[in-house]
């Protein structure tokens, strides 16, 4: 499917955290999408409507940025621009939990992506957070499905095994490498890449396009590890962008490991 | 001329977009300049006057940052610090077009650098944007010269072929590699590097010092591609900084391809 | 000691400059710490109390960020979370000098880390700044000791030779490579790494844990240079993260060169 992304060259509007802006933009360029980053209140609505996808990532939220997300998110919802929400570290402070829930009153995301702890916190499963973080395959799948029903949207839970569900259809994605967790922003970039796949594969529907993006992202990490394992995580980051930039659909799909339980 | 940059070690004050701060600072260090990044209203005027060059890049402009650019730009104009304006994505939203035009009422840049679409938007050539983006050599040269006359300053149009003009003298620069467009911030860094060359080659004048900077920047990208083409764009970004850091004047000038039509 | 960092996986809360957020987070991950970056007034106090260390870096300070540092710093002091202050470019503008001194009235750092010029400016040795920047081993050691007495805390002076002192015990650290100065943010990351060592080696005390961190950071730069010297500074940055990610205590301590004069 990555060939479709390269052909479409979708414009992905990112309102994201300040730690990962550069890596997100370079990752989007590597898969063939076009990044734009603005949170200026005077243009976010216009940009969200022009764009083929809108990413809202709460990693370093400020009051000004929250309002930008609200404005852009509503404009995207109105114009039909797909929205991915990445509720970074929701549950870590009381503020984050409250503000993400506020945002969900204002904006309807097409996909919510988080790790097990974040998705659990979002649906009030606080007490089980530690268990979820060290999740089994079963737990990710069950959590994604349960959260999709509670939140009324597609939910993607990433971890050792990724799972995505719209409450009806659920997929496990068994690609990826643990060194992804040793480079900051690989989860954040994933949210943006999912948008690029959704925007470029509308005939597949959100769950299947997202699953394809998740799997090919994971394949790139496997290839990057194979070329970086003797060197370390600095080289892994570079090889990961290399792998994204050289992947094609034939190779990416052959190595994808998507399971419908 | 890069040897002069290394000798002068010019202090380049950047008020730039949040996506490219790190890459810009590392690129400036690689060519031998000293970066400083601050947009704090309480010090931007003092810093712009101490600095050897001031970069104003509107890629992720906020209201606070606009005021910082206005203050720093006026202080730079008063003290004779050269100013480069990079009007990122002007024309993409109505806000960007308006705010860049407002800034030009307050600050007089020594060089404006943009791609064909941005420079065309700046002088009101909206309807021809697509034609300009897929520009011929002729188009870049004509656009730079026309924009220089309209805007009353030196204008640099970058694309497949770069052109720079002060309205009287015009140069084409035929260095560079298309992978530059696959790494975010290579255009933004270029604006900062042009300042480093202007600050270190004042006896040459702005157009010729800028042209030298453009050419040697392009040479570095050619060398980076030669060492990264089997690997991908992650490696290209690294090799590009490598090439900037190891370039010397003899080699850089020998490979420069500057044409005065 | 780096094995202790990997075992503890300390949570380091960074309120730092916008140029180095990504590099700081990746560097912390490489040594085995967990980075969190937030300056939001509604959560900084809660985060600083949860965290194992708080970094305050004034490189691109805004009024909003100053207040975040004040709130987080006071909360950290109250709860006993170690605080490192990196007063970037203090002395460069009158604003920076004033605001860092204001911050020191509100927050008590456990370690202040700066280059010779910054530490000299902080204790009013303005006139000697140039002499201190081109410092001899003797100067760094003397400056660290003097500043520790004046400021009433542990002071780390980095440069060709690093020195750290609490006013009573003073160490010279003779590791490191000059290319560290050619990558932006290596000083900023060092402040965060010192926190990771302090948090993971409380039985050693602040000065000795910090000295161990300084030395092993320097060892990583020596290893990175050995693998990057034929390539350039882009490769050096990558190899430096590689070296941090693969270092172990046995190797790191064997190569450490810490001198107690």
Task: Residue tally, condition facing chain A (nearest Cβ under 10 Å) and part of a loop (DSSP other than H, G, I, E, B), over region C:21-36 - done: 1
Task: Matching residues in region A:1-14 - criterion: being closer than 25 Å to residue B:97 by Cβ and more than 10 Å from every other protein chain (Cβ to nearest Cβ) - done: A:9, A:10, A:12, A:13
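Does residue C:87 satisfy being buried (at least 23 other Cβ atoms within 10 Å of the Cβ), over 30 Å from residue C:251 (Cα atoms) and away from every other protein chain (no Cβ under 12 Å)?
Numbers: buried (at least 23 other Cβ atoms within 10 Å of the Cβ): yes; over 30 Å from residue C:251 (Cα atoms): yes; away from every other protein chain (no Cβ under 12 Å): yes.
Here the answer is yes, as residue C:87 does meet what is asked.
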Task: Candidate set from region C:171-194 (those that are within 14 Å of chain B (Cβ to nearest Cβ) and touching a strand residue (DSSP E or B) at 6+ places or on another chain (Cβ under 8 Å)); member that is surrounded by the most Cβ atoms within 10 Å (Cβ to Cβ) - done: C:184
Task: Positions within region A:230-261 being in contact with a strand residue (DSSP E or B) (Cβ under 9 Å, 6 or more places away or on another chain) and either surrounded by 14 or more Cβ atoms within 10 Å (Cβ to Cβ) or within 12 Å of chain C (Cβ to nearest Cβ) (or both), in sequence order - done: A:256, A:257, A:258, A:259
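Could you please give the count of residues in region A:37-57 that are within 15 Å of residue A:192 (Cα to Cα), in contact with a helix residue (DSSP H, G or I) (Cβ under 7 Å, 6 or more places away or on another chain), more than 7 Å from chain B (Cβ to nearest Cβ) and buried (at least 24 other Cβ atoms within 10 Å of the Cβ)? Full working, then the answer.
Applying the first criterion (within 15 Å of residue A:192 (Cα to Cα)) to region A:37-57 yields A:37-38, A:48, A:51-57.
Then keep just the ones that are in contact with a helix residue (DSSP H, G or I) (Cβ under 7 Å, 6 or more places away or on another chain); that gives A:37-38, A:48, A:52-57.
Applying the additional criterion that residues be more than 7 Å from chain B (Cβ to nearest Cβ) yields A:48, A:52-57.
Keeping just the survivors that are buried (at least 24 other Cβ atoms within 10 Å of the Cβ) gives A:48, A:53-57.
Going through region A:37-57 one residue at a time, the tally reaches 6.
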- [ ] Filter region B:249-261 for residues that are farther than 17 Å from residue B:171 by Cβ and under 20 Å from the mean Cα position of the chain (by Cα) and give the result.
- [x] B:249
Open item on the list: Which of the numbered conditions does residue C:63 fail, given that it passes all the others? Conditions: (1) at the interface with chain A (Cβ under 10 Å from one of its Cβ atoms); (2) without any contact (Cβ under 8 Å) to a residue 12 or more places away in the chain; (3) surrounded by fewer than 20 Cβ atoms within 10 Å (Cβ to Cβ).
Closed with: (1)
Task: Residue pairs meeting the criteria (Cβ under 7 Å; at least 6 apart or on separate chains; first without any contact (Cβ under 8 Å) to a residue 12 or more places away in the chain, in region B:88-100; second part of a helix (DSSP H, G or I)) - done: B:93/A:46; B:93/A:47; B:94/A:46
Open item on the list: Against the condition buried (at least 23 other Cβ atoms within 10 Å of the Cβ), more than 14 Å from every other protein chain (Cβ to nearest Cβ) and in contact with a strand residue (DSSP E or B) (Cβ under 8 Å, 6 or more places away or on another chain), how does residue B:199 come out, does it pass?
Closed with: no
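Say whether the condition of being assigned to a loop (DSSP other than H, G, I, E, B) and either modelled with pLDDT under 95 or more than 29 Å from residue B:25 (Cα to Cα) (or both) is met by at least one residue in region B:138-145. Can you show your working first?
Of all residues in region B:138-145, those assigned to a loop (DSSP other than H, G, I, E, B) come to none.
Looking through region B:138-145, none of the residues is assigned to a loop (DSSP other than H, G, I, E, B) and either modelled with pLDDT under 95 or more than 29 Å from residue B:25 (Cα to Cα) (or both).
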Open item on the list: On the basis of being closer than 26 Å to residue A:63 by Cα, touching a strand residue (DSSP E or B) at 6+ places or on another chain (Cβ under 6 Å), within 10 Å of another protein chain (Cβ to nearest Cβ) and assigned to a helix (DSSP H, G or I), does residue C:69 make the cut?
Closed with: no
- [ ] Quick one: count up the residues across region A:101-110 that are part of a helix (DSSP H, G or I) and either touching a strand residue (DSSP E or B) at 6+ places or on another chain (Cβ under 7 Å) or touching a residue at least 40 places away in the same chain (Cβ under 8 Å) (or both).
- [x] 2
Open item on the list: Is it the case, given these coordinates, that residue B:74 is within 12 Å of chain C (Cβ to nearest Cβ), assigned to a helix (DSSP H, G or I) and out of contact with any strand residue (DSSP E or B) (no Cβ under 7 Å at 6 or more places or on another chain)?
Closed with: no
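The values are calculated or read from the model by the stated rules, or taken from the named source; none is laboratory data. Because the structure is predicted, anything quoted here is derived from the model rather than measured. Here the Cβ is made from the backbone with ideal geometry for all residues, glycine too, and neighbour counts use every protein chain on show.
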